[in-house]
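See below for the structure under consideration.
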Amino acid sequence: MRLILGAVIPATVVIAGLAPAVTTTPAASVASARDNAHAANGCIAVTATVPVGSFPEGVAVNPKANTVYVTNARDNTVSVISGRTNTVVATIPVGSFPEGVAVNPKTSTVYVTNNLADTVSVINGRTSTVVATIPVGSFPDKIAVNPRTDTVYVTDVGAVTVISGRTNTVTVTIPISSPVAAAVNPKTNTIYVTGVGTNTVSVISVRTNTMVATVHAVEGPFGVAVNPRTNTVYVTNFSSRTVSVISGRTNTVVATIPDGTEPFGVAVNPKTRMVYVTNNIDNTVTLISTRTNTVVATIPVAGLPRGVAVNPKTNTAYVTNTAANTVSVLAPCPKSK
């Protein structure tokens, strides 16, 4: 899904860590807001901004290699970022209009959906080269990987395409109405797929590749992420400015959290039990505590933030800013000297 939207600068910028919030004026830069946040004990802030290609959309992390992969939709490339240096170390040509990206850290393999080519590019993470191109359905959008089964799930028009990571071939196609994003719980072998046109989240069993439940979310479900440790699912509701919290045990919405304008991407850090949500119009990232299901921080980033991914080993999040052609790095605030 390609949405070209205008940006609105909020009247105030609020950064709240585990300490009282700090409010700045619109004229303050992101760097100034970050500096103000340093005083907050346990806070998270933008610690680096990495230039990438044109119109960065998707982002994924290989925690084992401390490497970040970003799809540049208008460049038809993938930027490879070192998590250690926060610099681009390689640029990989892929298919037309790459959008989604996912990593299997066990095999060091990266998968990229090429929206206008109806293909998935398979990248060897060790060599940063494309090793296979897989035909899939029309307009493939988002993508997810189950590392335990070495299986890839692609949302395209009217279906979820299932790919074997061992053979790089399509094994089955699961009909789903208006699928957008997918997330996998490898512990329960369950897939969650948002349906923006149906206001639902489809629950799919990996064992049978069939839909086993339908969860009615709020208006406009878009992004989805899973905390495998707690068996909890988080869904951004693009139209209603909320995040739905779904119990993976009961497949019911157990909480609805007010969020920013047009919440887009979502990622979970199971280690810190923190959820990161990109707010497309507000140019912010919301941090939600999974312990309380409340917003505990709002961090300003650059224009039109969309994708977000977390490295739980370093407690660092990466946000694609499509209007700024950058990636914001969100990490624990540096200690004051």
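No lab work stands behind these numbers, since they all come straight from the coordinates. Because the structure is predicted, anything quoted here is derived from the model rather than measured. Positions of Cβ are generated from backbone atoms using ideal geometry, with glycine treated the same way; all protein chains shown enter the neighbour counts.
Its convex hull of Cα atoms gives region 117-264 a direction-averaged projected area, equal to a quarter of the hull surface, of 9.0 nm².
The distance linking region 90-117 with region 138-155 is 11 Å (Cα centroid to Cα centroid, whole angstrom). Largest first, the extents of the alpha carbon coordinates of the chain on the three principal axes equal 53, 43, 34 Å.
Pick out which of Thr169, Thr161, Thr278 has the largest mean-square fluctuation in a Gaussian network model of the chain, springs linking Cα atoms closer than 10 Å. Its mean-square fluctuation being the largest, the pick is Thr169. Dipole magnitude for the chain: about 1200 debye, using +1 per Lys or Arg Cβ and -1 per Asp or Glu Cβ, origin at the Cα centre.
What relative contact order, as a whole-number percentage, does the chain give when Cα pairs under 8 Å and 6 or more residues apart are counted? The partial results should precede the final answer.
Details: 1035 pairs, mean separation 50.5, N = 337.
Worked out over the chain, it gives 15 percent.
At 0.36 nm per residue, minus the direct Cα-Cα distance, what do Thr171 and Arg207 gain on full extension? Give it in nm, one decimal, please.
On the way: separation 36, 0.36 × 36 = 12.96 nm, distance 1.29 nm.
Residue separation times 0.36 nm, minus the Cα-Cα distance, leaves 11.7 nm.
Length available on full extension from Ser54 to Arg84: 0.36 nm per residue minus the Cα-Cα distance, which gives 8.5 nm. If the chain linking Ser247 and His216 were pulled fully straight, counting 0.36 nm for each residue of separation and taking away their Cα-Cα distance, it would gain 9.9 nm.
Centre-to-centre separation between the Cα atoms of region 173-202 and those of region 272-337: 24 Å.
Lysine pairs in the chain 8 or more apart or on different chains: how many have alpha carbons under 16 angstrom apart? Don't jump to the answer; show the numbers that get you there.
Details: Lys64/Lys106; Lys64/Lys271; Lys64/Lys313; Lys106/Lys187; Lys106/Lys313; Lys187/Lys271; Lys271/Lys313.
Count of close lysine pairs: 7.
Highest mobility in the GNM of the chain, judged by mean-square fluctuation with C-alpha springs under 10 Å and restricted to Arg74, Arg306, Arg84, is found for Arg84. The sum of -39500 (n - 2.57) across all DSSP H runs of n ≥ 4, divided by the residue count of the chain, sets its helix-only mean residue ellipticity at 222 nm to -500 deg cm²/dmol.
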